[in-house]
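The values are calculated or read from the model by the stated rules, or taken from the named source; none is laboratory data. If you're wondering where the values come from, they're calculated on a predicted model, not measured in any experiment. Here the Cβ positions follow ideal geometry from the backbone for every residue, glycine too, while neighbour counts run over all protein chains shown. The protein model used for the area step is the full one, side chains on, heavy atoms only, and it has no ligands, DNA or RNA in it. Shrake-Rupley method; radii C 1.70, N 1.55, O 1.52, S 1.80 Å.
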Amino acid sequence: MNLGQKKILLGLTGGIAAYKVADLCRQLVKAGAEVKVVMTKGAKAFITPLTMQALSGNPVHDDLLDPRAEAAMGHIELAKWPDLIVIAPASADFIARSTAGMADDLLATLCVATAKPIALVPAMNQQMWANKATQANMQTAATRGFHIWGPASGDQACGDVGFGRMLEPTEIAHKVDAFFNYKPLKNQKWVITAGPTVEKIDPVRYLTNRSSGKMGYSIAQAAAKLGAKVTLVSGPVALDVPSSVELVPVQSAQEMLDAVKTATEKSDVFVACAAVSDYRAKNISEQKMKKQAESGLTIELEQNPDILHWVASNQKCYSVGFAAETQNVNEYAQAKMQRKGIQMICANDVSRSDIGFGSDQNELKVFYQSENELKMKHFEPQAKVMLAEKLVEFISKIKTEN
């Protein structure tokens, strides 16, 4: 590792994993970084400030209203100081407060007051990690630009086994090193579609689907973090635009195709994650259609353009599709891959309530061509923000090998 002249602000929150952060601090200093430590009241119940001061070589900060520091607006100066803020362990409580923009202690205030990158290293009980509120908070944090490192799965101090265990200090230290030195997608252009499309029927009615856009937005954020120049072509969603990502908002499938045609020129990778409506109204009424008593209503539909097939047929980029299925997932995904003429497809079962549309979790079976063979990679159920990072690295790896 080479962290020479890098300034790391290490934030500790309350959790048994805090004892491991002493070793993390030592490794960062050994790699050449200058480390300053901020501790919450809960963190000091698990490890002493004196320990962290001895290992970092700097005084520990723990009081938002320290008169000596606040005479010079110390919390603002501290927020401007680092190249990277690492919160380890990041408790469920702290993650909730930070995504809500709260500033009720020094560490939370720094996260609100800084423009510097922040990495969250979650550590909590497996049930707390699986809680829907925690998963929603993680999704929010990811789309706002937080880096999410972990958690791992394994034995926990409470006796449970599962996701929620903090990454080991050496792994965290290597992630800090990779943050500064590992940008495998630098100079690559990625285009990603996300969300639903909206097809007008009349001025007040439309056809659409339940896609939340969370998977596509997570993929865009992950690719940007690894150095890619990312264009995100998105239908209407209620999500924040990921940092360092160019957003092209669209409504209909035709608008999405037009945007994709422009965006994929000289692109390296195209990921079609959007849930594009297969059909649209053949004739859009200029006025609101009135309800007809007893006679019902017939709407004639026509097929929308096939965006993924167009890109695979007309552009030179590595094309990745998504197949959201409710039955025969493997069979339908492989047939779609062949029909579209693409190199990789990611299949998921949207009939399940715990993954897929609207959920913060997902599970994928990725089919891809390698060495003239069709192969499959299984990504187990996990938070979409975590899955996206693994998927982006996998796409990059397979693209390079082929």
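Placing unit charges on the Cβ atoms only, positive for Lys and Arg and negative for Asp and Glu, gives segment 271-402 a dipole magnitude near 320 debye about its Cα centre. Surface composition of segment 14-165: carbon plus sulfur atoms contribute 57% of the solvent-accessible area (1.4 Å probe, protein chains only, all chains present).
Counting only other residues whose beta carbon sits under 9 Å from that of Q251, what net charge do I get with K and R as +1, D and E as -1? Result for the local shell: -1. In the context of the full protein assembly, D258 retains an accessible surface of approximately 80 Å², using a probe radius of 1.4 Å and ignoring ligands and nucleic acids. The residues neighbouring W190, those whose beta-carbon lies less than 15 Å from its own, together hold a net charge of +4 under the Lys/Arg +1, Asp/Glu -1 convention.
Working ranking of peptides 359-365, 160-166 by packing, defined as the average number of other Cβ atoms within 10 Å per residue, highest first, is 359-365, 160-166. The long axis of helix 329-340 is offset from the longest Cα principal axis of the chain by roughly 70 degrees. Each other residue within a Cβ distance under 11 Å of A323 adds +1 if Lys or Arg and -1 if Asp or Glu, for a net charge of +1.
If R0 is taken as 41 Å, the Cβ-Cβ distance between D93 and M289 corresponds to a FRET efficiency of 0.20. Once the Cα atoms are used to define both axes, helix 214-225 deviates from the longest principal axis of the chain by about 50 degrees. Overall size of segment 124-240 from C-alpha positions, given as principal axis extents largest first: 58, 38, 17 Å. With all protein chains kept in place, the per residue accessible area of the chain amounts to 47 square angstrom at a probe of 1.4 angstrom.
This model, with +1 at the C-beta of Lys and Arg and -1 at the C-beta of Asp and Glu, gives segment 145-275 a dipole about its Cα centre of some 260 debye.
The accessible area of K20, taken with all protein chains in place and a 1.4 Å probe, comes to roughly 30 Å². Relative to the dominant Cα principal axis of the chain, helix 253-263 is inclined by about 60°. In a reduced charge model with +1 at each Lys and Arg Cβ and -1 at each Asp and Glu Cβ, segment 205-257 shows a dipole moment near 160 debye about its Cα centre. Kirkwood's formula applied to the C-alpha pairs of segment 172-221 gives a hydrodynamic radius of 14.3 angstrom.
At full extension, K282 and K183 could sit 31.0 nm farther apart than now, given 0.36 nm per residue minus the alpha carbon distance. When Rg and the Kirkwood radius Rh are both evaluated on Cα atoms of segment 359-398, their ratio Rg/Rh stands at 1.02. Our estimate of slack between A100 and S370, defined as 0.36 nm per intervening residue step minus the Cα-Cα distance, is 92.8 nm. Here the Debye sum runs over all C-alpha atoms of the chain as equal scatterers in vacuum, and log10 of I(q)/I(0) at q = 0.07 Å⁻¹ comes out as -0.38.
If each DSSP helix of 4+ residues adds -39,500 (n - 2.57) and the sum is divided by the residues in the chain, what number results at 222 nm, nearest 500 deg cm²/dmol?
-10000 deg cm²/dmol
The calculated FRET efficiency for A133 paired with N2, based on their beta-carbon distance and R0 = 51 Å, is about 0.85.
Between A324, A281, A123, the residue with the greatest mean-square fluctuation in the GNM of the chain (Cα pairs under 10 Å linked by springs) is A281. To put it simply, the accessible area of segment 244-402 at a 1.4 Å probe is 43 percent carbon and sulfur. Taking every DSSP bridge with both residues inside the chain, close to 35 percent are antiparallel.
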